[in-house]
Amino acid sequence: MKISARLMLLVGLMSALLVLVGGIGLWGIASSNAALKTVYEDRTVALAQLGDVRGRLVGNAFILVSAALDASPEMASKNTALVEANIASISKTLDAYMATKMTPNEETAAKQFSVVRTSFVTDGLLATVKALRAGDFAAATKLSMETLPKLYIPVRDALDALVKIQTDEAK
């Protein structure tokens, strides 16, 4: 075999190896991008949604305490409207969250959160809104200072469980 033939064979073999290594690298990059996209779409976005929900829930309680302690119809009207808007926003955010891909464990935790949130909203937030609108500031103060904190504890725990699932799944 001539040297020129050997060199052509060597160059051809090296070129084939180079193409193979490049293809494996591109496949690895595509796999990594797909994994990062899943983490972003299914975990990072969900964590942002849960953070928004947490902030608005705590904000609602603070807004109602402020209105109850201020004891003015103007503040009550303004703050109850804000709370109702926040409740609607939270519901919309939770609908988007529930539409994400969930593990079975996460689905169970999300259902539990939904149950305790419904109780918090109905028996806590909306009951306080009703008292404020009726001008019963004593009842609103009692609800916002005693009932809301008690009802928030299971909501907080259920939300913490959802956040933990998100961070565990992202790993």
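The values are calculated or read from the model by the stated rules, or taken from the named source; none is laboratory data. Because the structure is a prediction, the values reported are computed rather than measured. Glycine also receives a Cβ, built like all others from the backbone with ideal geometry; neighbour counts cover every protein chain displayed. Accessible surface areas use protein heavy atoms only, side chains included; no ligands, DNA or RNA. Shrake-Rupley method; radii C 1.70, N 1.55, O 1.52, S 1.80 Å.
Could you please let me know if Thr141 is over 26 Å from the mean Cα position of the chain (by Cα), more than 18 Å from Arg43 (Cα to Cα), open to solvent by less than 60 Å² (accessible area, probe 1.4 Å) and of a type in the set (S, T, N, Q)? Yes; evaluated as a whole, the condition is true for this residue.
Ala61 fulfils the conditions (1) touching a residue at least 24 places away in the same chain (Cβ under 8 Å); (2) open to solvent by 30 Å² or more (accessible area, probe 1.4 Å); (3) more than 15 Å from Asp136 (Cα to Cα) except for a single criterion, (2). Test Thr80 against the stated conditions and say whether it is surrounded by 13 or more Cβ atoms within 10 Å (Cβ to Cβ) and either closer than 23 Å to Asp42 by Cα or hydroxyl-bearing (Ser, Thr, Tyr) (or both). Yes, satisfied. Between Ala140, Ala170, Ala88, Ala134, the distinction of being in contact with a Leu (Cβ under 7 Å, 6 or more places away or on another chain) and among the aliphatic types (A, V, I, L, M) belongs to Ala140 only. Against the definition (in contact (Cβ under 8 Å) with a residue 24 or more places away in the chain, under 21 Å from Arg133 (Cα atoms) and surrounded by 13 or more Cβ atoms within 10 Å (Cβ to Cβ)), how does Ala46 come out, yes or no? The answer is no for Ala46. I'd like the full set of residues that are more than 17 Å from Thr122 (Cβ to Cβ), open to solvent by 20 Å² or more (accessible area, probe 1.4 Å) and among the hydrophobic types (A, V, I, L, M, F, W, C), limited to the stretch 86-109. If the condition is that a residue be more than 17 Å from Thr122 (Cβ to Cβ), open to solvent by 20 Å² or more (accessible area, probe 1.4 Å) and among the hydrophobic types (A, V, I, L, M, F, W, C), then Ala96, Met98, Ala99, Met102 are the ones that fit. The conditions of being surrounded by fewer than 16 Cβ atoms within 10 Å (Cβ to Cβ), at pLDDT below 95, more than 29 Å from Ala34 (Cβ to Cβ) and out of contact with any Cys (no Cβ under 7 Å at 6 or more places or on another chain) are met by Asp70. Can you tell me which residues in the stretch 67-119 are within 30 Å of Asp136 (Cβ to Cβ), in contact with a helix residue (DSSP H, G or I) (Cβ under 7 Å, 6 or more places away or on another chain) and not in a helix (DSSP H, G or I)? Selection gives Ala71 alone. I'm trying to understand the selection: among the residues of the stretch 8-63, which are within 17 Å of Glu169 (Cα to Cα) and among the basic types (Lys, Arg)? Lys37, Arg43, listed by residue number.
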